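Input: a single structure, listed below in structure tokens.
The values are calculated or read from the model by the stated rules, or taken from the named source; none is laboratory data. Values in this document were obtained by computation on a predicted structure and should not be read as measured data. Backbone-built Cβ (ideal geometry, glycine too); neighbour counts: all protein chains shown.
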């Protein structure tokens, strides 16, 4: 009995270790020393992170991949920005067979759910998706209480907003955002990565909630603007 209990404890410790080896489960900026932003040289009067979708094409088509626990969904996603109303977007996803996966509208920091597939139609998951897409779609000006760090060619900004802690990581020279990490309790942690930049636009966007085994990947295909 004692031997079995010992093996169970060892097995549990192994699982915990494997979980925390993933950089998006624990804070990827843990251990980074933050200081006053006066230590970072910048010619910006206001440090801001505009949405990567705020300029350029108003309708973009993406290859879509969603994984939730053991279930996987793939298809296409269309992100449409309103040309008449600021900060208004519609995000629609369809499967490869043409079935609807989700239809979401965002306006003035609110998400309206037109449709979403049943596995994701849960209050907690909807809140996480709303938070994810807000980070992607919203223009963000840094608050006054801001801490900074510089690591090689990267600069990291840390601040609190609405009882959550945010970390923004960008390249110093290009000002291109590479990663956003939001910490709001274990299940509220979000790792948002921007990869494969081309003409100031990332061709790959990844949302990762490894703590609950939920991920969403967008790979840019083309513009649908006329």
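Looking only at region 156-168, residues that are farther than 12 Å from residue 35 by Cα and either touching a strand residue (DSSP E or B) at 6+ places or on another chain (Cβ under 6 Å) or modelled with pLDDT of 90 or more (or both) come to 5 in all. Residue 87 meets each of the listed conditions (1) in contact with a helix residue (DSSP H, G or I) (Cβ under 8 Å, 6 or more places away or on another chain); (2) surrounded by 18 or more Cβ atoms within 10 Å (Cβ to Cβ); (3) closer than 25 Å to residue 183 by Cα apart from (2).
A quick yes/no check of all residues on (1) within 18 Å of residue 179 (Cα to Cα); (2) surrounded by 13 or more Cβ atoms within 10 Å (Cβ to Cβ); (3) modelled with pLDDT under 50:
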position	(1), (2), (3)
8	no, no, no
13	no, no, yes
34	yes, yes, no
44	no, no, no
52	yes, yes, no
57	no, yes, no
62	no, yes, no
69	no, no, no
